[in-house]
Amino acid sequence: MNDFFIYLMLVAASFSSGQSHVAGSQVVHIRGIPTSKNPFYSPDRDFECLDGSLLLPFSRVNDDYCDCADGSDEPGTAACTNGSFYCRNAGHRAAYIPSSWVNDEICDCCDGSDEYASGKACVDNCHDLGREARLEAQKAAELAREGNKIRQELLARGKQIKSEIKTRLVKIRGDFEEAQLTKKEKEAIKAQAEERENAALEKYKPVEAEQPEPKEHEDNEEEQLSDSEAEDYFKMLDSDSSGSITIIEIQTRATFDKNRDGVVSEEEAIYFLNGQKEVTLDEFLDAAWANIKPFLMLEQGTFKPAPADDVEGMQDGTEEHDKEEDEYTEAEEQAVDEHEAQPEEQQVQYDEETQALVDEANSARENFKQAEKAIHDLEAEIRRLEDKIDRDYGAEEEFASLDGECFEFTDSEYVYSLCLFDKVRQKSKSGGNDIVLGYWHEWVGPEQNKYSKMKYDRGLACWNGPTRSAIITLTCGKESKLISVTEPSRCEYAMEFSTPAMCNPNIEQSNMHDEL
Ligand code: MAN
């Protein structure tokens, strides 16, 4: 049956009335398409499938038989499985539905136009829905307007922050140059003082030889492994000194035979590499070390068992405390101390003149150490500031003032914390350590709204699973707040975060575009 139908009506006549008029200019309406597509469906001509694949007599349009591969000859019937049906929905938003929903006895279009032959009586509720939608849109627009006021403040603050960072960087770079000069100076003073000290100590050499060897760090042996040891351990594992540790390098060490079956399987190796095939020093310190440490401590007998509810944490490896990047650690200082063992630790009684020279050398060494530390600290600060300058804080720096701010969300089991541009963490309410769900990576929103989604990844590896990661969806809200956290698939977290930084009326309006 030729099912296409033609309404002849006044341009101004209402479609929903269903009446046809013949007067003045005529409008032809083909079922299932918007009027904008009418030029492609002209009853005076043969119909060309929209993909250009076939030319058909117009009588085969909407004849309930699918001819075109793209389904374009049957916009108003369910004949083509890949077709779509246009609901005009006057009073609300026009929409396309799949062709298979046409005449299936379910009202899909709010104007009921999809059920024209099924006998299903559909009520046209487009006007009610439209009113509701418009109210919602008004509220959203109002929120966007209100939020935008705060957003404007954030933009200004963001730009100020960026310029402050730039100024600070210039200053710190200057300080760094100066610190290098100071270090050179202190080094020369130290060399001279040590030369005088060594000469004075010559006469004590035979006496010292009889002194018992000073006992070195006996006290430390019982101590737990410190983070700086991670770096040494990395170097040890990196047997080819390539700057990264591979599966094969892990497989050479029995420590990593988790299930004690005599071989370190690839799976076991990957677990210790935090789900990766290879890790660099940074990745090692940030994540892999947390997996390795408990096993190493067990092996060395320095592991102090965690309370019972910590077992899961231990399996997964957990972040024990934040290691500040490039921090001049206690262990490093200790290493320097050991390297330049202080003569005063020895029990020898020097004459007054020698003692004065030893004191002078000690103080020169201390000053030199301080100068080195200052350089190290400045370098770390320069890197931190450079990182911030390069960071993408949004089209207008609107997210800059949120950098480092932390927000919490609590559900029945966990407390989640999102520290923007830093990391996402999860803490079980029943105790145990923090689990890192991911470190800041990048913006992952769609092209037209890039700054609507953030990705944090390289979190702690899941047992036999991926490394944890989180996607944060940002929406407009009057205050910055973590609204929800879910785990849609194991070890992949989804968070909703509202913030005035997202209240950009321009973006909101383009989202609400529809064809009424
Ligand atoms: C912990 C939490 C959960 C996660 C499991 C996976 O319990 O991080 O979110 O699903 O580990 O083992």
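Report the percentage of all Cα-Cα pairs in segment 367-516 whose separation exceeds 28 Å, rounded to a whole percent.
Beyond 28 Å sits 32 percent of the P(r) for segment 367-516.
As a test question: what accessible area, to the nearest 10 Å², does THR182 have when a 1.4 Å probe is rolled over all protein chains in place?
50 Å²
Between GLU146 and THR81, what is 0.36 nm times their sequence separation minus the Cα-Cα distance? Round to one decimal in nm.
Extra length from GLU146 to THR81 when fully extended: 18.8 nm.
Would you compute the Debye intensity of segment 140-193 from its alpha-carbon atoms alone, equal scatterers and no solvent, and pass along log10 I(q)/I(0) at q = 0.13, 0.16, 0.28 Å⁻¹ to two decimals?
-0.57, -0.66, -0.96
Would you list LEU135, LEU273, LEU285 from the most to the least accessible area, probe 1.4 Å?
Accessible-area ranking of LEU135, LEU273, LEU285, largest first: LEU135, LEU285, LEU273.
Which distance in nm do the two modelled labels at GLU479 and ARG384 give, with both placed 7 Å along the Cα-to-Cβ direction?
Between GLU479 and ARG384, the label points sit 2.9 nm apart.
I'd like the GluC sites (Glu not before Pro) in segment 82-134 restricted to DSSP loop residues with at most 12 other Cβ atoms within 10 Å, sorted by number.
Values: sites: GLU105, GLU115, GLU132; in loops: GLU105.
Hits after loop and neighbour filter: GLU105.
Give me the three principal axis extents of segment 417-490 from the C-alpha atoms, as integers in angstrom, largest value leading.
That works out to 38, 26, 22 Å along the principal axes.
LEU54: accessible area at probe 1.4 Å, nearest 10 Å²?
Approximately 70 Å² of LEU54 is accessible to the 1.4 Å probe.
Which length gain, in nm to one decimal place, applies between ILE248 and HIS441 when the Cα-Cα distance is subtracted from 0.36 nm times their residue separation?
Length gained between ILE248 and HIS441: 66.7 nm.
With a point put 7 Å past each Cα toward its Cβ, work out how far LYS450 is from LYS205 in nm, to one decimal.
6.8 nm
Please give the length that would be gained between GLU352 and THR35 if that part of the chain were fully extended, namely 0.36 nm times their separation in residues minus their C-alpha to C-alpha distance (nm, one decimal).
Fully extending the segment from GLU352 to THR35 adds 103.6 nm.
For ILE483, what accessible area in Å² do you get when you roll a 1.4 Å probe over the heavy atoms of the protein chains, rounding to the nearest 10?
Spelled out: ILE483, probe radius 1.4 Å, area about 80 Å².
Looking at the calculated P(r) for segment 370-427, what percent of the C-alpha pair distances fall above 17 Å?
58 percent
The values are calculated or read from the model by the stated rules, or taken from the named source; none is laboratory data. These figures come from a predicted structure and were not determined experimentally. Heads up, the Cβs are rebuilt from the backbone with ideal geometry, glycines too, and the neighbour counts pull from every protein chain shown. Note: accessible area is taken over every heavy atom of the protein model, side chains too, but ligands, DNA and RNA are not part of it. Shrake-Rupley method; radii C 1.70, N 1.55, O 1.52, S 1.80 Å.
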